[in-house]
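The values are calculated or read from the model by the stated rules, or taken from the named source; none is laboratory data. This is a predicted model, so every value here is computed, not measured. Please note: Cβ atoms are built from the backbone with ideal geometry, for glycine as well, and neighbour counts cover all protein chains shown. To get the accessible areas, we keep the full protein, side chains included, count just its heavy atoms, and leave off ligands, DNA and RNA. Shrake-Rupley method; radii C 1.70, N 1.55, O 1.52, S 1.80 Å.
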Amino acid sequence: MQQQPETPVTPSSMPQLNPELPPHRPPKKSKLWLWITLAIVGVLVIVGVIVTIIIVSNSSTSSADTTTSRQRATKPDKKNNDNEEDGDNWQGSTTKATKCLTSADFRRSGYTHVKDGYFVLENGKFNFRSILFKPDSTQYQRGTSNVEMAKLGMLYKFNTDKQFSIELVPNETSEKSKLALERADKIKHDLVSNGIPERKITVSEPTVADHDNSDDTADGRVTIYFVAPQKCSEK
């Protein structure tokens with residue numbers, strides 16, 4: 001048998017790549033949509049912040065207005081209170097204890113011997129007690145000390161809202177009026193040191209001592225008076 005000659009294989013016709021040309025790549029997608037999305041999100045965030053600020057501001061304003069209204073509703077009318085106070089005769093009234101010293105105030109400050117009805121005013125003054133001094137001296141006599149001044153300071157501390165002041169009246173002969181004033185200033189200084197404001201204390205001119213057979217210390221004392229409205233008298 002004769003062998004048939006083999007038909008030569010023809011290679012497929014495929015385009016030859018030019019090595020000098022860059023490889024083909026798909027075109028990049030546009031980023032425009034990304035910028036549009038970011039812009040929309042940014043606008044929404046800004047709008048949200050503005051709306052939140054407006055809501056909070058309106059809420060704060062409303063709360064402040066409510067608080068102010070409540071304060072105005074609960075704040076007492078000063079003029080009305082003054083008129084009511086002036087119109088009150090204070091006789092048998094239980095409200096006078098709010099601005100007047102009472103016997104109980106003295107007991108609370110250490111004057112345990114004080115009984116009810118102790119605080120009795122005469123012409124707006126209460127003769128509290130006399131402080132004795134050594135002869136020709138600004139030193140207290142034995143038995144009188146800063147303990148008394150401390151108790152008076154405590155009395156003021158517990159009753160700063162009460163209507164009263166202190167008057168110091170030195171008793172002295174005319175020849176020693178300078179010493180009498182120095183003694184009164186000594187008491188004033190000690191009272192201020194114990195917390196009583198200086199504006200609450202006055203020093204009067206010395207009065208001439210009333211010498212009699214029963215009192216040989218009249219020219220060595222300073223009398224302490226409480227000054228208060230006569231309506232505060234407990235009798």
Of the conditions (1) polar (S, T, N, Q); (2) over 15 Å from Arg221 (Cβ atoms); (3) out of contact with any strand residue (DSSP E or B) (no Cβ under 7 Å at 6 or more places or on another chain), the single one that Ser165 does not satisfy is (3)
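Yes or no, residue by residue, for (1) touching a strand residue (DSSP E or B) at 6+ places or on another chain (Cβ under 7 Å); (2) closer than 20 Å to Ser204 by Cβ; (3) part of a strand (DSSP E or B); (4) open to solvent by 80 Å² or more (accessible area, probe 1.4 Å):
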position	(1), (2), (3), (4)
Gly110	no, no, no, no
Lys115	no, no, no, yes
Phe119	yes, no, no, no
Arg129	yes, yes, yes, no
Pro135	no, no, no, yes
Met149	no, yes, no, no
Gly153	no, no, no, no
Lys188	yes, yes, no, no
Could you list, ordered by first residue, the pairs with Cβ atoms under 7 Å in which the first is in region 151-174 and charged (D, E, K, R) and the second is assigned to a helix (DSSP H, G or I) and modelled with pLDDT under 95, at least 6 apart or interchain?
Glu172/Leu179; Glu172/Ala180; Glu172/Asp219
Which of the numbered conditions does Ser174 fail, given that it passes all the others? Conditions: (1) open to solvent by 50 Å² or more (accessible area, probe 1.4 Å); (2) modelled with pLDDT of 90 or more.
(2)
